[in-house]
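Reviewing the structure listed below.
Computed from the coordinates by the stated procedures, all read-outs in this text should not be read as laboratory data. Only a predicted model underlies this, so the values are computations on that prediction, with no experimental measurement involved. Here the Cβ is made from the backbone with ideal geometry for all residues, glycine too, and neighbour counts use every protein chain on show.
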Amino acid sequence: MIEFYSTRPIEEVNKSRFKQILAGKEICVSRHATDHLSKAQRNVFKHEELINMLVKEKPRKIYLQKNGRYTPYYRKSNGYRKLILEVEVKKIVVVSFMDPHEVPKIRL
């Protein structure tokens, strides 16, 4: 049977464990994370905003996906911001992000 890397959540991660995962690691944003933005949006939307979200804000929900990536959801004025994170030995890479209206209700 062929195993595909799935974005399906397999586990809810508690906030203290997530904080430990982030601790002591450099945080960077991949070029792919802003590929879907227009040129004008890229001038307004800075990488620092995504990095500050991880460092300063508390996520409402955090899931571990089957592909090994983490997806924290942060509350925003118009809904939520979902980050997709690749955890490496010495750094956290923001692979992508999106702005869903709500956190999905997921049965694990």
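Taking other Cβ atoms within 10 Å as a rough exposure proxy, His36, His101 sort from fewest to most as His101, His36.
When each of Thr71, Thr7, Thr34 is scored by the number of other beta-carbon atoms lying within 10 Å, the sequence from fewest to most is Thr7, Thr34, Thr71. Using alpha carbons only, how many degrees (0 to 90, rounded to 10) separate the axis of helix 47-56 from the longest principal axis of the chain? Helix 47-56 sits at roughly 50 degrees to that axis. The amide H of Asn67, built 1.01 Å from its N in the peptide plane, has Ser6, Arg8 as neighbours under 5 Å, considering only residues 5 or more places off or on other chains. Counted without the sites themselves, the longest stretch of the chain free of GluC sites (Glu not before Pro) in a DSSP loop having at most 13 other beta carbon atoms within 10 Å is 4-56. Relative to the Cα centre, the charge distribution of the chain, modelled as +1 at Lys and Arg Cβ and -1 at Asp and Glu Cβ, gives a dipole magnitude of about 300 debye. Working note: 222 nm ellipticity from helices only, DSSP H runs with n ≥ 4, each -39,500 (n - 2.57), summed and divided by the residues of the chain, gives -6000 deg cm²/dmol to the nearest 500.
The alpha carbons of the chain give a radius of gyration and a Dmax of 13.9, 45 Å, in that order. This ranking places Arg69, Arg8 by how few other beta-carbon atoms lie within 10 Å of each, fewest first, which gives Arg8, Arg69.
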